[in-house]
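The numbers here are math on the coordinates, done by the rules we state, and not lab data. Everything numeric in this text was worked out from a predicted model, so none of it was measured. No Cβ is skipped: glycine too gets one built from the backbone with ideal geometry, and neighbour counts run over all protein chains shown.
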Amino acid sequence: MKYTAILLFTVLTSFSSAETSVYICGANGAKRYHLKETCRGLSSCSHEVVKTTISQAQNKGLTICGWED
């Protein structure tokens, strides 16, 4: 699963010079980022869903959602 996330990140960043957008729950305790705003991992988010870049999410220590594999 971890290797899949690394591979996915590598593929996404190699095809585009623009930064990939991801979605996070606006709660301070968020631990994951999501590739789609409709990811079921965000269904329990009771705060605003925030669009950000993958590098900003990773800099905050967030990792990819398990539903995204």
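Annotations
- Taking all Cα pairs closer than 8 Å and separated by 6 or more residues, the relative contact order of segment 20-69 comes to 46 percent.
- For LYS60, the shell of other residues with beta-carbons less than 13 Å away shows a net charge of +2, using +1 for Lys and Arg and -1 for Asp and Glu.
- Around the amide H of THR53, modelled in the peptide plane, lie the amide H atoms of VAL22, all under 5 Å away and 5 or more residues distant in sequence or on another chain.
- Taking 7 Å steps out from each Cα toward its Cβ at ALA18 and VAL50 produces label points 2.2 nm apart.
- Listed peptides 41-48, 27-34 appear in the order 27-34, 41-48 once ranked by packing, highest mean of other Cβ atoms within 10 Å at the front.
- Derived scalar couplings ³J(HN,Hα) [segment 44-57; Karplus, 6.51 cos²θ - 1.76 cosθ + 1.60; whole Hz; x for Gly, Pro]: 8, 6, 9, 10, 5, 8, 10, 8, 8, 9, 4, 5, 5, 5
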